[in-house]
Amino acid sequence: MTILSVFDIGLVVLLLGIGASTIAAREAFAAVIGFVVYGLLLSIAWVRLSAVDVALTEAAIGGGMTGMLMLGAVARLRVAKGSDTRASLPARVAAGVLSAIVAAGLAIAILSPPEAIPTLAPMVMENLAQSGLGNPVAGVLFVYRALDTLLEKVVLILALLGVWSLAPDNVWGGIPGLRVYARPDSTLTFLAQLLPPVGIVVAIYMCWVGAKEPGGAFQGGTVLAAMWLLVMIAGLTSVPSISQTWLRVLVVVGPVIFLAIGLAGMVLANAFLAYPSGYAKPLIVAVEVALTLSIGVALGLLAAGPPERVQQQ
Amino acid sequence: MTAATLFGLCGAALVGFGLYGLVTNPEPLRKILAFNLLGSGVFLVFGVVSRRAAASGLGGDPVPQAMVITAIVVAFAATAMAIALVLRLLQETGRSTLSADNPGGTDTDRGNS
Amino acid sequence: MPDANVLPDATTTDGALLVLAIVLPAAGVLLSFVLGGRYAERIASVLLPSGLFLATIIFADVWQSGHPLIYIVGDWKPPLGIALRADGLSAAMMVAMAIVICAVAIFAHADFGTRPGSVEARAPFAFWILLMAIWGAMNMVFLGGDLFTLYVAIELLTFAAVPLVCLDGRAETLQAALRYLLFALLGSILYLVGTALLYGSYATLDIVLLSRQVRMEPATLVAATLMTIGLFAKTALFPLHLWLPPAHAGAPAAASAVLSAVVVKGSFFIVVRLWFDVMPGMLGAAGAQLFGALGAAAIVFGSVVALQQQRLKLLIAYSTVAQIGYLFLMFPLALDTAAQLQGGGALTGGMLQAISHATAKAAMFMAAGLIYATLGHDRIAELGGAARALPMTIFAFALGGVSLIGLPPSGGFLAKWLLLEAAVATGQWWWAIVMLAGGLFTSGYMFIVLSSAVAPSSEPLKLRVAVPRYQEAAALALALTSLLLGLVALGPVDILLVGRPDSMMVGPR
């Protein structure tokens, strides 16, 4: 039993306080700001749980990208007419009781772990050398449970299709309704000129290092998405229309290469999504590079929203 | 109590907060935010499971960590789709509401083929 | 359960077919996304029939060998890796869903067809990709041998299903889609937290490995409860059904058919996997009675509300709420004296109910869509003359109703017969009463619709469009499938028990 550090207790108190405030806040804007701060604190919690890969993903996607989406939505929802009536007191009490029961059930489950805690960590490590990877999380994502990872990329593409499908018919194939703030001398423009080169280097590094240390396609892809969104919002590059072939190719190139290598495994190795021995690492790196690109473009487009105007020539 | 258990209990409480917000808050955007809070609590439960199963020189079992990474991406995709729906609803009706009274369309065109 | 001999942990001959069942739809989605709306329908029209063919081969293979097909993905055995398994339940459901999806595809050609050379249009592009995604996600649900893989599969299903609801972009369908999405997300996150707890207790999420280790302890019980509630929300079991009627009634007809017939069966199938395969001894008498009670409440509530509807599509949607209830009656009926859920007549009856509802309900939604297209409305009271204008469609609708009511020789009859038999055998007469009452209610709302449709119209009927004959044929084909499904009693109905640890049954050999 380790003794709880003051730091951990303080972190949990902050998480709970800010978490509760995002629910209780009267103004949506305050709630969203609270959520962004909460996301950053949560990634510290993940570091404390010795899960640096998760911490990076949480900071990039859970806090950063989600927060950006919500801030954009709050700004646009300002014009919404009318307000909903709050749930009645009995309904709130009932919901409170229900939520408390669920939380208590989870707490009981967490407080009663099995006597000998089972783990797959040794098995993951034993077989990891075979793939040439150094990062066990990457091993799980791309070797042992590659099927889940592959399908989850398809989920991302379906979500993008779902978002696009919300466009009015007359602007189909047009340009996403991302708000652009193009003013040549603004700080935003300055940042948009300064950050992307750095960001792209960071993304490439993250993707590359992910094979042996925390990082990888998800985190790298998110950084790419953020940089792309930044230059688009600053008006330095135009928002592409969704009918562009190159755009669609970029969205699917990661999963397609993943799927192709997986199928090749049926012939060249023993099974679907198995890698021929000796070639595992280069193949996985190839998959990760392609996925980083696809994730970057898909996340960026998800944040940009459905098409809202047609291309003006 | 270990630090892992503490974060686990924090996760359980966050699930409770998120669930309450999801059920009671009438604004769709706030429901989406509550769903994200609920999700982050669930992810923390994976974190405890991973941390407790530390072995072989690792700080935690990598399998649950990989699952959380997958789930975070899925949750983001869900959030993006939900927000796009809310904004489209706003465009169509000038409002963003889930309440049963008519959002804009007349009742006669319900059940369109 | 000590049944190590039942499911070997190695890829079986023909196991690669299972990979194909997942790769084909995934490739279809990716390819259509790049090539665009002009090709999406053509890609689907090649892949969907191939999917039906593939499902049939898998079915025949499982039926003839009497053993499940297994594929070890990446050559990494569980618990480290993921296994795909096709037992009798998977094989039967795969074929049934593939039939429905193919019929929907034929039907949908009229609304979402794309002429060669035309520019990409929004709705067809989205529809065909989403339809292939639903097919792939369902295959994943049926074949996935790992509870986390099943999580990814039901998320795939959600993301494919929700946009279908609001393809026409009207405000009320957008609202229905948003409500559906929120319910579905709550459902999957509750399911997900359950997988976290199970992994914490057993360090595996493989269904077979878990079934050997699972024990009564607090974390497992909490996990099972939360997962079940989440799946109930996604299946729209009363009282978590609120999202279903507006979503299913508001969608375009082809989408309604696939949502009502196929999508809700995905989460239901995982409930069955969880309680029959992962933890057959955990539900207990009280839990099983509770499942049954929720099912009974769904039957009564759904039917009573259906009887009050003025619009055909809403009536059919509420009928889905009621029919979902029947699926949960099998839980109390499948419980043996040792409080274990047994794969016997009740399980067979329940799964047959799922299949016969799928075929019948898809046919009825298609018929309703054709009625709407022809008359320009779907007000039940003003359907007069519809039977003259669309005899084949009304006939298909009626045949679907025959199966829902449970008249012989329909699939619904066989399903309800097996469930009644189990009710008598286990002395649980109260479920028999519920089933019979449900049949009466169903006859009631079918009578209201049909009597209005066969009545002569008060004024000369103004037909808006002439619907293509193949659309009517697709609806009729599904209705006939549902009607004749009862005849499987003479044939491969036993396949549903192949691969069940508690069953000595093997195929025809």
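Where a number appears in this text, it was derived from the coordinates with a stated rule and is not lab data. All values derive from a computational prediction rather than experimental measurement. Glycine gets a Cβ as well: all are built from the backbone with ideal geometry, and neighbour counts include every protein chain shown.
Points to keep in mind about this one:
- Membrane-span-like helices of chain A, defined as complete DSSP H segments with a Cα extent of 15 Å or more along the helix axis and a mean Kyte hydropathy of at least 1.6, are identified as A:6-24, A:28-48, A:89-111, A:146-164, A:187-209, A:217-233, A:245-268, A:280-304.
- Ranked by the mean number of other Cβ atoms within 10 Å per residue, highest first, peptides C:198-206, C:234-242 order as C:198-206, C:234-242.
- Helix C:469-484 and the longest principal axis of the Cα set of chain C meet at an angle near 40°.
- The smallest convex shape that holds all Cα atoms of chain B, its convex hull, gives 114 Å³ per residue.
- Cα-based reach from A:K81 at 13 Å (exclusive), listing aspartates and glutamates while leaving out same-chain residues under 8 positions away: B:E27, B:E92
- Within a straight-line Cα-Cα reach of under 24 Å, C:K77 can be paired with the following lysines, leaving aside sequence neighbours fewer than 8 residues apart in one chain: A:K153, A:K212, A:K281.
- Estimated Rh, region A:1-74: Kirkwood, alpha-carbon pairs, angstrom: 12.8 Å
- Region A:275-311 and region C:16-84: distance between their alpha carbon centers, rounded to Å: 23 Å
- Label point 7 Å beyond Cα of A:S238 along Cβ direction - residues of region A:165-187 with amide nitrogen under 11 Å: A:175
- Database remark: amide H of C:I82 closer than 5 angstrom to the amide H of C:V73, C:W76 (H placed geometrically; neighbours at sequence offset of 5 or more, or on other chains; Pro and chain starts carry no H).
- Ordered by the number of other Cβ atoms lying within 10 Å of each residue's own Cβ, fewest first, C:C166, B:C10, C:C102 fall into the sequence C:C102, B:C10, C:C166.
- Between 0 and 90°, nearest 10: helix C:312-333 axis offset from chain C longest Cα axis: 20 degrees
- Radius 14 Å from Cβ of C:G266, net charge of other residues (Lys, Arg +1; Asp, Glu -1): +2
- For region B:51-100, the Kirkwood hydrodynamic radius comes to 13.8 Å, computed from all pairs of different C-alpha atoms.
- Normalised by residue count, region C:63-190 yields a Cα convex hull volume of 149 Å³ per residue.
- Compactness relative to 2.2 N^0.38 Å, alpha carbon Rg of region A:1-133: 1.41
- Test item: A:92-101 mean partner chain Cβ contacts at 10 Å: 4
- For chain A, the direction-averaged projected area of the alpha-carbon convex hull comes to 21.4 nm².
- As a proxy for reagent exposure, C:M446, C:M392 were ordered by neighbouring Cβ count within 10 angstrom, fewest first; the result is C:M392, C:M446.
- For region C:292-491, the relative contact order is 29 percent, taking Cα pairs closer than 8 Å that sit 6 or more residues apart in sequence and dividing their mean separation by the residue count.
- Since only A:V93, A:V13, A:G63 are under comparison, the one whose Cα sits farthest along the positive direction of the charge dipole of chain A, derived from C-beta charges on Lys, Arg, Asp and Glu, is A:V93.
- Averaged over the residues of peptide C:24-37, the number of Cβ atoms from other protein chains lying within 10 Å of each residue's Cβ is 5.
- Burial ranking of peptide ranges C:133-144, A:262-273 (average Cβ count within 10 Å, highest at the top): C:133-144, A:262-273
- Shown for C:L31, C:L197, A:L69, A:L141: other C-beta atoms within 10 Å of each C-beta, ranked fewest to most, produce the order C:L31, A:L69, C:L197, A:L141.
- Peptide C:11-23 shows a mean partner chain C-beta count of 2 within 10 Å per residue C-beta.
- Sites A:L247 and C:W429 - FRET efficiency at Förster radius 60 Å, r taken between beta-carbons, to 0.05: 0.45
- Here the spin labels are modelled as points 7 Å beyond Cα on the Cα-Cβ line, and at A:S5 and C:R379 they lie 7.1 nm apart.
- Placing unit charges on each Cβ (+1 for Lys and Arg, -1 for Asp and Glu) gives region C:133-234 a dipole about its Cα centre, and among C:N139, C:V208, C:C166 the Cα reaching farthest toward its positive end belongs to C:V208.
- Whole-percent pair-distance distribution, where bins are 20 Å wide, for the alpha carbons of the protein assembly as shown: 15, 50, 32, 3, 0
- Reachable lysines, given that their alpha-carbon falls under 18 Å from the alpha-carbon of C:K416 and they are not under 8 places away in the same chain: C:K265, C:K361
- In degrees, nearest ten, helix C:345-375 long axis to first principal axis of chain C (Cα): 20 degrees
- For the pair region A:1-49 and region C:263-318, the centres of their Cα atoms are 39 angstrom apart.
- For region C:292-491, projected area of the alpha-carbon convex hull averaged over all directions, nm²: 10.6 nm²
- Centre separation in Å (Cα based) which lies between region A:62-121 and region C:465-484: 45 Å
- Most fluctuating residue given options A:L56, A:L89, A:L120, as computed from a GNM of chain A linking Cα atoms under 10 Å: A:L89
- Translational diffusion of chain C, estimated by Stokes-Einstein from the Kirkwood radius over alpha carbon pairs at 4 °C in a medium of 1.567 mPa s, is 57 µm² per second.
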